[in-house]
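Okay, so here's the structure we're looking at.
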Amino acid sequence: MATLTSAYVAAGLLGAGFGFQGSVSPGPLQTIIISETLSHGVKSSWRAAVISPCSDPIALVVALFLVSNIPDAALAVIAFFGATLLMRFAWLQFKTTASDFDFQTKPRSSFWTIWATNVLNPNLWIFSFSINALQISSFYSDHGLGVAAVYLASFFISICFFNLSTACLVAKLKEVFNVKWLVRINRALGVFLLVVAFRFVYMGLVKIGAC
């Protein structure tokens, strides 16, 4: 009984730890959370903050039910699609003007655009195959469905909590910035998105042996 209890605790702590790591790691989703918070506040960015339970299970299901990793060619396709979407986001950041913040004219990113950005993030698939799927499978085989479920639940609760914390922190910091600084920050985020997009292109080229 003590062993099972320890397994539940370990699964909860491990899941929460990986959720925190996933939240604070720089990437497309974190950039969207910051950008949406600066433009429209937490009332808009919360959708990106809680998107993981809606997008991650797709990669997890594939990772859990495939015997081996998906082919490199499939990861390359995902990387190229993800890069295209990130470039579109970057272009929107470069078009940011002061009026977007003064009058809230900058359109909110749709839920489906946020969802697609995360689903097409190659890092999500790599993380699902290399970490999450392996942990879930291990907990399930060693201790049963309950322990595996605790790991999964703690992971999603943790990543959503820390994503929302990031949005709230950015919203507070927004109060000390003037409009010009907000425009510069959004354009800097656009540069970051382009860097990530080119990195995804490079990843895709590597997977197909072009680099």
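For this structure, a couple of remarks:
- Exposure of K207 as accessible area (Å², to 10), given a probe of 1.4 Å and all protein chains: 80
- The listed residues K180, K174, once ranked by accessible area (1.4 Å probe) with the largest placed first, stand as K180, K174.
- Computed extension gain for S137 through V50, at 0.36 nm per residue and net of the alpha carbon distance, reaches 28.9 nm.
- Average accessible area per residue (Å²) across the chain - probe 1.4 Å, nucleic acids and ligands excluded: 51
- The chain, Rg to Rh (Cα coordinates; Rh as Kirkwood inverse mean 1/r): 1.03
- Estimated FRET transfer efficiency (Q21, K180; beta-carbon r; R0 25 Å; 0.05): 0.15
- Three-way shape call for the range 15-68 based on the alpha-carbon gyration tensor, with the a/c threshold at 1.5: prolate
- Rounded FRET efficiency, nearest 0.05, which uses the C-beta distance separating R199 from S110 and R0 of 22 Å: 0.35
- Dipole of the chain, positive end: most advanced residue of N123, L164, L194 [Cβ charges, Cα centre]: L194
- Cα-based Lys proximity count in the chain, under 21 Å, for pairs eight or more positions apart or on separate chains: 10
- Degrees, to the nearest 10: 133-143 long Cα axis against longest axis of the chain: 30
- Share of carbon and sulfur in the accessible heavy-atom surface of the chain [1.4 Å probe, %]: 72
- Net dipole in debye of the chain [+1 Lys, Arg Cβ; -1 Asp, Glu Cβ; about Cα centre; nearest 20]: 720
- Cα centroid of the range 149-204 to Cα centroid of the range 26-47, whole Å: 6
- Solvent-accessible area of L92 with every protein chain in place, 1.4 Å probe, in Å² to the nearest 10: 60
The values are calculated or read from the model by the stated rules, or taken from the named source; none is laboratory data. Source: prediction; values computed, not measured. When we count neighbours, we look across all protein chains shown, and the Cβ atoms used for this are built from the backbone with ideal geometry, even at glycine. Side chains included, ligands, DNA and RNA excluded: accessible areas come from the protein's heavy atoms. Shrake-Rupley method; radii C 1.70, N 1.55, O 1.52, S 1.80 Å.
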